[in-house]
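So the structure is just underneath, and the comments pick up after that.
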Amino acid sequence: MDIKADDKKQGSSKEAKPGFFQSLFANLFKSSNPEAEKKRRLKMIAKNFSKTKFHSYYKPGTGEAQAPFAKLFYDLYKITNPAQLLIKSTPNPNIFKRQILNYSLSEHQVELLEHFEEQTILDASKKVPFNKLKATVEQELSDFSHEFDNTRFAKTENLYKAFVLFKDFCLFDYYVLLRKFWPSIQENNFDSTPQFDKINADYIVNDLKDFVAVAYSITDESVIWGELFEMLKKTHGRDFVGLNNWKKIVARIRSIQSSGAFEYMIQHISKDPKYVTQPIYKYEALVEDYVEKIQTDTRKLLDKISHDQKASKSSSLCMQIFGSTSFSSLKNYVEENNAVFVKKELSTYEYTDALNYLKTFLLEYVKKDIREYYDIVVIRGQWDSTLSASMSNAYQELLKISDEIIAFDENLAEDGTMGSKIKTLLPKTAHDPGAENIINRVVSDANEMARNFIITCTQDFIAIGKTMKQLIEDYVKPKPIIVANWRELEKFFETPLKDFSVNLYKKIYLFVQLMQEYINNSDN
């Protein structure tokens, strides 16, 4: 390899560092003139550089970068060029992350990944109850994560770190630097014999700074390069640089780094004795973000499936109860008013659909069909008042809450107590955190009130439904036990009493299911 041969030409002498007394006298007799001191230090830097085995790269006396310096970079360019072309031709850099992860996964993890695919989960959701599907997927997510034990985790992170350092080194723009020494050089072409001229080192000092920032990173002794080259060969089917060649490059850079030659060059060329190379590490952790993304994406899909299934069930229940899914009986506690809250990142009304359905049901069924049933069966029926008390209390509470919902909705209007407070404070939220807090509190209070309406009414409907079920069963008995005068009550209904009762009971049963969808959803 040319790099090794070049090393031999440079000689094997080690850098002669200043001795103790030399440094002592230099410090004792420092000039009080900063400029003179700077010149003295630059002269010392030039002397130190000349004692390194890389002294042929630069002539401090003339400030010229020499042909051997360009030859080093040409050799690096030639060796790393196949890898550079591969990396540049890959449109999405995340592909390499994926390749490293796939290489590091266990067979079981590879199998589990198929279970997390969107179509696989969607297909399973059509065959398996959602709760069972969710439990299975959560267990598989846990198994996948636990497979990254300490050994596998460290191996994957080290492999990714090695790749990042390798990539940054290979992607250094060798061609641009070399053109300054050989203007006619052709990019990615190594057929011609190099013809390098010495040049003013000012032209390459910034390139050299950029190079050492990346190059010195590859000398990290904790990096295991063999695993990286095995992965690249297995993944891409060819050896782009070669492990032996790469080890020679690392050894060469380590030798330059330990000699301080490039720092001396940069300090002398830029006339900055204080310059110190800061290696660039662009490496970021890989495994945790990868596992977290799989978990997040999978759980978002499960949430979407759950939401869609509930929405589908809610829509079906609405159609069975009301014959429609598009209607509104509220004016202010509505989804449309959430838009301004969302825009300002404030809390939003959470139970708009449920409360809308509740108010509609109270208007269409409680104040009509349930009232008719109550007035006839409970008021006119001859049965024990202790048995009818549960239904009577629930019915009276529903009537009361119906009026409270109307007042609640009006309170959120712009001229209502809560609504006016929101209207007044909204313009102030951009510069007043206190205004945001007050609005969020008002909205939170509104949500709590809406939730209480829903829960209380649902409990009342359950109580009415249970009593109605007993009454329907009693009505069809040859000898009723609960109500003594069923035959007398029949004449007050325009439709057959049994049909009226059964249809109303079904509506109540379906509506309780609808409300429980929203209550359960808010609890999860």
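The values are calculated or read from the model by the stated rules, or taken from the named source; none is laboratory data. Predicted, not measured: the structure shown is a model, and the values here were computed from it. Heads up, the Cβs are rebuilt from the backbone with ideal geometry, glycines too, and the neighbour counts pull from every protein chain shown. Keep in mind that these areas ignore ligands, DNA and RNA; they rest on the heavy atoms of the full protein, side chains included. Shrake-Rupley method; radii C 1.70, N 1.55, O 1.52, S 1.80 Å.
Of MET468, MET44, which has the most accessible area and how do the rest follow, probe 1.4 Å? Present the calculation step by step, with values, prior to reporting the outcome.
Details: MET468 0, MET44 50 Å².
Reading off the accessible areas and sorting them downward yields MET44, MET468.
Once both axes come from the Cα atoms, what is the angle between helix 94-104 and the longest principal axis of the chain, in degrees from 0 to 90, rounded to 10?
Long axis of 94-104 versus the principal axis of the chain: about 90 degrees.
By how many degrees, between 0 and 90 and to the nearest 10, does the Cα long axis of helix 287-322 differ from the longest principal axis of the chain?
20
HIS236 versus GLU335, label points 7 Å from Cα toward the beta carbon: distance in nm?
About 5.1 nm separates the two model spin labels.
Taking the Cβ of ASP403 as the centre, find all other residues whose Cβ is under 13 Å away and add up their charges (Lys, Arg: +1; Asp, Glu: -1). Mind showing how you got there, number by number?
On the way: positive: LYS359, LYS367, LYS400; negative: GLU397, GLU404, ASP409, GLU410.
Value of the local net charge: -1.
Expressed as a whole number of Å, what is the distance separating the alpha-carbon centroids of the range 77-123 and the range 294-340?
So the two Cα centres are separated by 37 Å.
Could you check how many percent of all C-alpha pairs in the range 234-365 are farther apart than 20 Å? Can you show the working numbers first?
Details: 6506 of 8646 pairs.
Cα-Cα pairs in the range 234-365 separated by more than 20 Å: 75 percent.
Using only the alpha-carbon atoms, how far is helix 243-259 inclined from the longest principal axis of the chain? Give it as 0 to 90 degrees, nearest 10.
For 243-259 against the chain, the angle is about 70 degrees.
Taking 0.36 nm per residue of separation and subtracting the Cα-Cα distance, what length does fully extending ASN102 through VAL128 add?
Details: separation 26, 0.36 × 26 = 9.36 nm, distance 2.94 nm.
Between ASN102 and VAL128, full extension yields 6.4 nm more.
If you take the beta carbon distance between ASP272 and GLU345 as r and set R0 to 56 Å, what does 1/(1 + (r/R0)^6) give as a FRET efficiency, to the nearest 0.05?
Numbers: r = 48 Å, r/R0 = 0.86.
Efficiency at R0 = 56 Å is approximately 0.70.
Would you list, by chain and number, the aspartates and glutamates whose Cα falls below 19 Å from the Cα of LYS167, excluding same-chain residues fewer than 8 positions away?
Here the aspartates and glutamates satisfying the reach criterion relative to LYS167 are ASP75, GLU157, GLU187, ASP207, ASP210, ASP220, GLU221, GLU227, GLU230, ASP239, GLU284.
Could you work out what % of the accessible surface of the range 404-508 is carbon and sulfur, using a 1.4 angstrom probe and leaving DNA, RNA and ligands out of the count?
Roughly 53 percent of what the probe reaches on the range 404-508 is carbon or sulfur.
Using a 1.4 angstrom probe on the protein heavy atoms only, line up TYR103, TYR373, TYR203 by accessible area, largest first. Working shown, then result.
Values: TYR103 45, TYR373 0, TYR203 145 Å².
Listed by decreasing accessible area, they come as TYR203, TYR103, TYR373.
Report the relative contact order of the range 434-524, percent, no decimals, based on alpha-carbon pairs under 8 angstrom and at least 6 residues apart. Please list the in-between numbers first.
Values: 32 pairs, mean separation 34.2, N = 91.
With pairs under 8 Å counted, the relative contact order is 38 percent.
Using 0.36 nm per residue of separation minus the Cα-Cα distance, give me the extension gain between ASN188 and ALA36 in nm, one decimal. Intermediate values should be presented prior to the final figure.
On the way: separation 152, 0.36 × 152 = 54.72 nm, distance 4.61 nm.
Full extension from ASN188 to ALA36 adds 50.1 nm.
Principal axes first, then extents: for the Cα atoms of the chain, list largest minus smallest coordinate on each axis, whole Å, largest first.
Taking max minus min along each principal axis of the Cα atoms, the chain gives 122, 56, 45 Å.
Choose one of THR62, GLY323, HIS146: the residue whose Cα lies farthest towards the positive end of the charge dipole of the chain (beta-carbon charges +1 Lys, Arg; -1 Asp, Glu; about the Cα centre).
THR62
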